[in-house]
1. Tally up the residues in region 89-146 that are outside any loop (DSSP other than H, G, I, E, B) and out of contact with any helix residue (DSSP H, G or I) (no Cβ under 7 Å at 6 or more places or on another chain), please.
2. Enumerate the pairs (first residue in region 104-116 and closer than 16 Å to Ala75 by Cβ; second residue anywhere and small (Gly, Ala, Ser) and part of a helix (DSSP H, G or I)) with beta-carbon separation below 8 Å, excluding pairs fewer than 6 apart on the same chain, so at least 6 apart or on different chains.
3. Which one of Met123, Met135 is farther than 20 Å from Asp81 by Cα and not basic (Lys, Arg)?
4. Do you know which residues across region 68-102 are among the basic types (Lys, Arg), at pLDDT 95 or above and surrounded by 18 or more Cβ atoms within 10 Å (Cβ to Cβ)?
5. Which ones in region 200-213 are farther than 18 Å from Leu155 by Cα and crowded, with 18+ Cβ neighbours inside 10 Å?
6. Name the one entry in Ile172, Ile205, Ile160 that is more than 19 Å from Asn103 (Cβ to Cβ), modelled with pLDDT of 80 or more and among the β-branched types (Val, Ile, Thr).
7. Just need a number here: residues in region 192-234 that are in a helix (DSSP H, G or I) and among the polar types (S, T, N, Q).
8. Return the pair list, or none, for Cβ contacts closer than 9 Å from residues in region 189-207 that are more than 20 Å from Glu92 (Cβ to Cβ) and outside the structural domain of Asp115 (by TED's automatic domain parsing) to residues that are at pLDDT 95 or above and buried (at least 18 other Cβ atoms within 10 Å of the Cβ), at least 6 apart or on different chains.
Amino acid sequence: MLIYGKQSFLYVLSRHKDVIEEVLLSKEIDKGLFSKIRALNVPIIRVDNKKAQSLAHGNNHQGYFMRIKDLEPLAFKDLKDLNSLVVLCGIEDVGNIGAICRNILSLGVGGLLLDRPLSLGAMEGVFRASSGALMDVKFGYSSNVLDSINELKALNFTLIGADARGEETLNISLKDDKKPVKWALFMGSEGEGLKNAIKVKLDKILSIKMANNFNSLNVSVANGILIDRINALYK
C-alpha cells in the first residue's frame, strides 16, 4: 500500500517501522530524518516531480512517499469483543471515513465497523485523510448490518443511532439510563442518514441541538461530538 504526505509518513516512521517496505522521496529532507530512514534498511528511491504527482494522483504529497504492508481488517467476531464501536452505514467518502478514524483513536473508541469493504485505493485515501490514525484503529467489515445488529444485541451492546430527529444529547440524564457495558454508535451518510430498517432495531436515537436555523453538520464532525457526549454520559 502506498501512503504519502508528511504527517502520515512521520506517523508510520515513528510508530510502525516494521510495516515499512520502501521509501520514496521527491525532495531533499532534513539530515536527521534521512538518517532515521536509512536505519530502516529498506530501499530509498528518489523520484522526480512528475512521477511524484502521478503517484499522488495530483494530490498534495509534500515530497514524502512510503510503501507499507497492506492493512488487514479484523473479522467481525474480533470486533465484537471490544467495548465500543462506530458503525458506518452508507458512508463512502474517504475524507469522512479518515476523519472518523481520527475521532475513534483520539476519543478512545474500541473500533470501526464498515458496511462495505474498502478497495486498496480507498484504503490509501482513508489512511491519508486520517493522518495515519487508520494504522492504529481496529476495523473490519460487515456483510449484513442487520445481522450484525442482532449479534451485537445478543452481546448486550447498547445500540445508538445518529439522526436529526433523535433525542438531543444534552437532554439525556444518567438518572434515566443504565450505564452500558458496551455501546455501538451507528452513523449514516450525510445525504440519506440511517435507513429505517436499521433505526428501528437500535436502542436510542440521538441528535445534536443546532443553532441559527442551521441543520447540517459534516458526518465526521457530528461523529466526534456524539462520541464525546456518549463518553461523558457513560463514563
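The values are calculated or read from the model by the stated rules, or taken from the named source; none is laboratory data. The model shown is predicted, which means the values in this text are computed figures rather than measured ones. Positions of Cβ are backbone-derived with ideal geometry, glycine not excepted, and every protein chain shown enters the neighbour counts.
1. Step one: list which residues in region 89-146 are outside any loop (DSSP other than H, G, I, E, B), which gives 89, 94-107, 111-114, 120-129, 133-136, 138-141, 145-146.
The next check asks that each one be out of contact with any helix residue (DSSP H, G or I) (no Cβ under 7 Å at 6 or more places or on another chain); those that pass are 104, 106, 114, 120-121, 123-124, 139, 141.
Going through region 89-146 one residue at a time, the tally reaches 9.
2. Leu113/Ser148
3. Values: Met135 fails: farther than 20 Å from Asp81 by Cα.
Being farther than 20 Å from Asp81 by Cα and not basic (Lys, Arg) holds for just one of Met123, Met135, which is Met123.
4. Arg102
5. Scanning region 200-213 gives Ile205, Leu206, Ser207.
6. Working: Ile172 fails: modelled with pLDDT of 80 or more; Ile160 fails: more than 19 Å from Asn103 (Cβ to Cβ).
Going through Ile172, Ile205, Ile160 in turn, the sole match is Ile205.
7. The initial filter retains those residues of region 192-234 that are in a helix (DSSP H, G or I), namely 196-199, 219-233.
Filter once more, keeping what is among the polar types (S, T, N, Q): 196, 220, 223, 231.
Number of matching residues: 4.
8. From residues that are more than 20 Å from Glu92 (Cβ to Cβ) and outside the structural domain of Asp115 (by TED's automatic domain parsing), there are no pairs.
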